[in-house]
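See below for the structure under consideration.
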Amino acid sequence: MAQTEVMPAVEQQRIGKTSDPCTMVIFGASGDLTRRKLIPALYNLAKDNLLSREFAVIGVARSPLSDEDFRNKVSEDIKQFATDKVDPNIWEWFVRRIYYLSGDMADKNLYLQLKDLLDKVDRDHSTHGNHMYYLATAADYFGPAVEHLAEVGLMQQEGQRWRRVVIEKPFGHDLESARLLNQRLLRVAEEKQIYRIDHYLGKETVQNILALRFANGIFEPIWNRRYIDHVQISVAETVGVEKRGGYYDKAGALRDMVPNHIMQLISLTAMEPPVSFRADAVRDEQGKILHAIQPMSSEDVLTRTVRGQYGEGIVGGERVPAYRSEPGVPPDSKTETFVAMKLLIDNWRWADVPFYLRTGKHLPSRSTTIVIQFRRAPFVLFRDTPVENLMPNQLVLHIQPEEGISLRFAAKVPGPAMRLGAVNMSFEYSDYFGVIPSTGYERLLHDCMIGDATLFQRADMVEAGWCVVSPVLDVWKALPPRNFPNYAAGTWGPKEAEDLLERDGRHWRNFEK
Ligand code: BG6
């Protein structure tokens, strides 16, 4: 088997510098994100010595709780959501620096109270007045919260003292609203104070796209239209909309996944080599790709996009209800839970190489993959091989839940005749590096605390993502779907998604356990 040449285990821990001293204010502290991801991620950073000793957290939410109540609550939650065994000493250290403030985020008074509390906490924990405001709230609060923070002086930076705000998705619900939100934020804050988070960029395997492409000499020369036939990006989920029907029905699969997560995957796969890994060098190249995606005409939308909504079906052996029967979803909902489309990138590297993407809820397996399909070799030499065995090479980046890379190539089937079969060469992270338990937010929180915005989206990138999907939203709105539901839960989406590739003589590669 493969020989591993890896770092010793201790060095495999997250390598990095301790974060700057700071107080992190979490707006939306009673929500799911806080208990499932943010607190466990902060704890992991503390455990790995990446969190400054001069650190504190203030949770802000509506429910009236005392500091002690909130500490008890997070201490209960961590038992469920920690990614590894909790060390009581580290937890004790961490929980003692958690505070709570209750109030209405639309009310300026809350921010005045926050200012007083921050003064005290900054003094008690020597956090140098550095603040990271994390908006883990409904999107309606993003604009008002940052304006209020600025109004009471909490966005003001002086000397070494920094003030940064982390904004969750959805960043706008279309191009226009994203632009307005950017304008609103940039009136009271500088671009470099705004960290638009996309949790896909916290995934190790997503960051590894850069390592694969730019730390290896063998891929870059063939990473272009001369050798690559097409790219398939699939983000398949087995979950339905769970309890998020209210949010999801207004968003839909396109808004929920494409302008953000899938655009990140496209831009990292397609970008030119940046001149360095500095934030703007990387983001400039990502931005160029997003701007180069060919805008779709109404005609293109009709021929190059597919939408679907799940009906009842069987997922993982369990019968599940149709989308329209989910809580919070109207019985005649026209919202899509599946989307597939074909995009083209108008630049020298990618001209005429289609990027097919698809994402959906209640598909047969959870798998996020990027399939790079290479052009066929001239197979004239292998006349005796059945055509279905002549499969072109595919390099597959397995983003999740499998984490690794595999390469499909042809090999001779043993026997007297020259016959071919497809075989896979594969690398799995866990075989080489072990598994470092993580929520996927550690790196992003830490980067924000050290002022590295490389993995966060700039205003122009968010807007470019919306530019791609806006024409689709417009056409879909003007022509509501007539055939929903059009795929059974537990299948790979509507038939039209298959047709989209078949018309071009191609097929989706599905990964099922
Ligand atoms: C979120 C979407 O941003 O990403 C969800 O709102 C989706 O609908 C989720 O399920 C997928 O994230 P992950 O990390 O599970 O792939």
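What follows draws every value from the coordinates through simple rules; no lab data is involved. On a predicted model such as this, the values are computed, not experimentally measured, just so you know. Heads up, the Cβs are rebuilt from the backbone with ideal geometry, glycines too, and the neighbour counts pull from every protein chain shown.
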Q. Which one of 141, 314, 456 is farthest out on the positive end of the charge dipole of the chain, using unit charges on Cβ (Lys, Arg +1; Asp, Glu -1) and the Cα centre as origin?
A. 314
Q. How large is the dipole of the chain about the Cα centre if only Lys and Arg carry +1 and Asp and Glu carry -1, each at its Cβ, rounded to the nearest 20 debye?
A. 700 debye
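Past the 20 Å Cα-Cα mark, which pairs from 37/243; 243/361; 85/513; 288/361? Kindly include the intermediate steps, with their values, before the conclusion.
On the way: 37/243 18 Å; 243/361 13 Å; 85/513 28 Å; 288/361 30 Å.
Correct reply: 85/513; 288/361.
Hey, what number do you get for the chain at 222 nm if only DSSP H runs of n ≥ 4 count, each worth -39500 (n - 2.57), divided across all residues, to the nearest 500?
Working: 16 runs with 173 residues, N = 513.
Using -39500 (n - 2.57) per qualifying helix, the result is -10000 deg cm²/dmol.
Most exposed first by the Cβ proxy, i.e. fewest other Cβ within 10 Å, how do 318, 402 rank?
Working: 318 9, 402 19.
Listed from fewest to most nearby Cβ atoms, that is 318, 402.
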Q | Gyration tensor (Cα) of the range 139-184, equivalent ellipsoid semi-axes in angstrom | A | 23, 11, 9
Q: Return, for the Cα atoms of the chain, the radius of gyration and Dmax in Å, separated by a comma.
A: 24.2, 83
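Sorted by mean Cβ packing within 10 Å, highest first, what order do the peptides 16-27, 501-512, 268-279 take?
On the way: 16-27: 21.6, 501-512: 13.8, 268-279: 16.2.
Ranking the peptides 16-27, 501-512, 268-279 by packing returns 16-27, 268-279, 501-512.
Starting from the coordinates of the alpha-carbon atoms of the range 156-285, obtain the Kirkwood hydrodynamic radius over all distinct pairs and give the value in Å to one decimal. Don't jump to the answer; show the numbers that get you there.
Numbers: mean 1/r = 0.0569 Å⁻¹.
Value: 17.6 Å, from the Cα pair sum.
For residue 86, what is the net charge nearby, where nearby means another residue's Cβ is under 12 Å from its Cβ and Lys, Arg count +1, Asp, Glu -1?
Values: positive: 47, 79, 85; negative: 76, 77, 84, 87, 92.
Result for the local shell: -2.
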Q) What ranking of 405, 314 emerges when the number of other C-beta atoms within 10 Å of each C-beta is taken as an exposure proxy, fewest first? A) 314, 405
Q: Name the lysines eligible as straight-distance cross-link partners of residue 412: C-alpha to C-alpha under 16 Å, and not fewer than 8 places from it in the same chain.
A: none
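Of the beta bridges DSSP finds with both residues in the chain, what % are antiparallel, to the nearest 5?
On the way: 45 of 77 bridges.
Just about 60 percent of them are antiparallel.
Can you pick out the pairs among 169/250; 47/79; 73/250; 334/495; 17/47 whose Cα atoms lie more than 21 Å from each other?
Result: 73/250 exceed 21 Å.
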Q.
In whole Hz and in residue order, list the ³J(HN,Hα) couplings for the range 342-358 that follow from phi through the Karplus curve 6.51 cos²θ - 1.76 cosθ + 1.60, θ = phi - 60°; x for Gly and Pro.
A. 10, 10, 10, 10, 8, 8, 5, 5, 10, 3, 6, 9, x, 10, 9, 9, 8
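Given Cα pairs under 8 Å that are at least 6 residues apart, what percent is the relative contact order of the range 313-390? Before the final figure, lay out each step's value.
Numbers: 52 pairs, mean separation 15.2, N = 78.
After rounding, I find 20 percent.
Given Cα pairs under 8 Å that are at least 6 residues apart, what percent is the relative contact order of the chain?
So the answer I get is 18 percent.
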